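Worksheet for the structure shown next.
The values are calculated or read from the model by the stated rules, or taken from the named source; none is laboratory data. Model, not experiment: these values are computed from the prediction. Neighbour counts are summed over all protein chains in view; Cβ atoms, including those assigned to glycine, are modelled from backbone coordinates with ideal geometry. Side chains are part of the model used for accessible areas, which takes the heavy atoms of the whole protein and leaves out ligands, DNA and RNA. Shrake-Rupley method; radii C 1.70, N 1.55, O 1.52, S 1.80 Å.
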Amino acid sequence: METRIFWSVLLLAFGTVAASIGFVWLSRRRMMQSLTEINAAAKAMACGELERRIDTTCSPELAEVAQSLNAMAESLALAGKERDAASEALLLAYREMEENNRTLEQEIFAHMHAERSMTESKDKFATAFRCSADVIGIVRATDMSNLELSDAFFEKFGYEESEVFGRSSAEFGLWLHPRERAEYWRQLFDKKMVRDLEAHWRTKSGEVRIGTMAGDLIELGGNRCVLFTWHDITERKKAEDDLREANEQLERKVNLRTQELLGKNEELAQLLEELRRTQEFLLQSEKMVAMTNMVVGVSHELNTPLGVAITLASHLEESAKQLQRCAQQERMRKSEVLRLILEEQEAAQMLLKNLNRLARLIGTFKQVSVDQMKEMRRPFNLRLHLAEILQNMAPLLHKGRHQVTVECAEEEEMDGFPTAFSQVIVNLINNSILHAYEAEQVGHIEIRVRREKKRLDVIYQDDGKGVSEEVLGKMFNPFFTTRRGQGALGLGLCIVYNLVTQQFGGTIECWSQPGEGMKIRMSFPDAI
């Protein structure tokens, strides 16, 4: 007895010492991690990353150091902003001074060249006047005689200088329409200016050219004169006329085509209505086919245990009647009573077994409809939860020597329904074991978790035999299975689809080809 107490005390002391050593080691490790983080943050601040801050949730001593470094970084950042503001203000003042210097220099330069520019202006004006592409002229306002005309006038209209200088345009028939000439002079005397007046002039050979005129009343040598310009738009007007004619032809063609299209549109509308009615008919037919398949699936699974149960109930009833008749006739033998009782016990056991099977089948059918009130939503660690699921399924996986690889970050969490998520993974693994691999075939299953912006993707992939495109389009339908009569109900993937889309509010996609396995991607929203 004393020896036992001694060893107990010794073990207790050893445990206490080990716990103390572990606590000290853990505290030292946490302190080293905090020091490493503070050192890295301090180096980053020294390199100019003043926005970085150090986590202060550590030991009180290191928290004070972290707070001091954070305060220093804030002070440096504030000083840097003040320095940048001062530099910007100084740069702005320098730019204003430089602009003022340039303005002053330009004014001095303009003053120095004013006299020279004035002497050159007459020559430049004369050159520009003669060489202008538009017709430029000066007319005396009192008698409307031409004083000056640019070279473009003589080139375009073919007159000689002696034929136009000192004469008005009416004298040699320049204006095609007298009303345009009258309107031009009316605007000059009323508004002192003319802008964009269309004028038709004749050349010496009789060709008509169209131009836009502008004019201003000016004082020249004490005389009231008119400075005018005439811009040739003959080719543009011709192009406009051609374009107008082409537009009219195009409009006629468009109207004709529109009438044809209206007729076609009516035909298309009728075809579209027929197509819509056909789609509605096909949709109703597809719904009826799905309902028929569901009824056939349910009835097929329930008929066998239900029929056996009815038969056994009938047998029990007949046996009870036989026992009652024997009791009424008072000729019961012990062996016969024991036989009847044994038969009734066996029938009752078989009846109970089939009724239990019916209950399990109905329970499985009920899982097709998702009930979100069965489980409260809560956050849970995905990596730990997946490890727990695989641990519970270890006997089934080891039996077929199948391997499951999980790729998930340790800190990854989901705010959802852990039991429903377990049901999804279990059903997918059971589906792969039952359908993807043949007997004695070793399979490899991968489960990858990816965080994508505002959703969480869980990718499930096996390397089994895959399925055809036809099977792929039906695999989430209730009671669809490729192993009818071999223990498969065709509800596993249907339950997976309903849980992902209804309870989690996510989406599910599937890819597969024969011989290339199957890949399923489930996307869960962050906020369920």
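Some notes on this structure:
- Number of residues in segment 213-234 that are open to solvent by 30 Å² or more (accessible area, probe 1.4 Å) and more than 21 Å from Arg140 (Cβ to Cβ) equals 2.
- Criterion (modelled with pLDDT of 85 or more, among the charged types (D, E, K, R) and farther than 26 Å from Glu235 by Cα) met by exactly one of Arg195, Arg186: Arg186
- Subset of segment 411-446 [under 23 Å from Gly506 (Cβ atoms) and assigned to a loop (DSSP other than H, G, I, E, B)]: Glu411, Glu412, Phe417
- Residues located in segment 403-444, provided they are at positive phi and surrounded by 18 or more Cβ atoms within 10 Å (Cβ to Cβ): none
- Count of segment 154-177 residues which are of a type in the set (A, V, I, L, M, F, W, C) and in contact (Cβ under 8 Å) with a residue 40 or more places away in the chain: 1
- Every residue from segment 182-212 that is of a type outside the set (Lys, Arg) and open to solvent by 90 Å² or more (accessible area, probe 1.4 Å): Asp190, Asp196, Ser205, Glu207
- Within segment 128-154, the set of residues being touching a Phe, Trp or Tyr at 6+ places or on another chain (Cβ under 9 Å), assigned to a loop (DSSP other than H, G, I, E, B), over 14 Å from Leu220 (Cβ atoms) and of a type in the set (A, V, I, L, M) comprises Met144 only.
- All of Ser168, Ser132, Ser150 fail the test of being modelled with pLDDT under 85 and closer than 23 Å to Val208 by Cβ, apart from Ser132.
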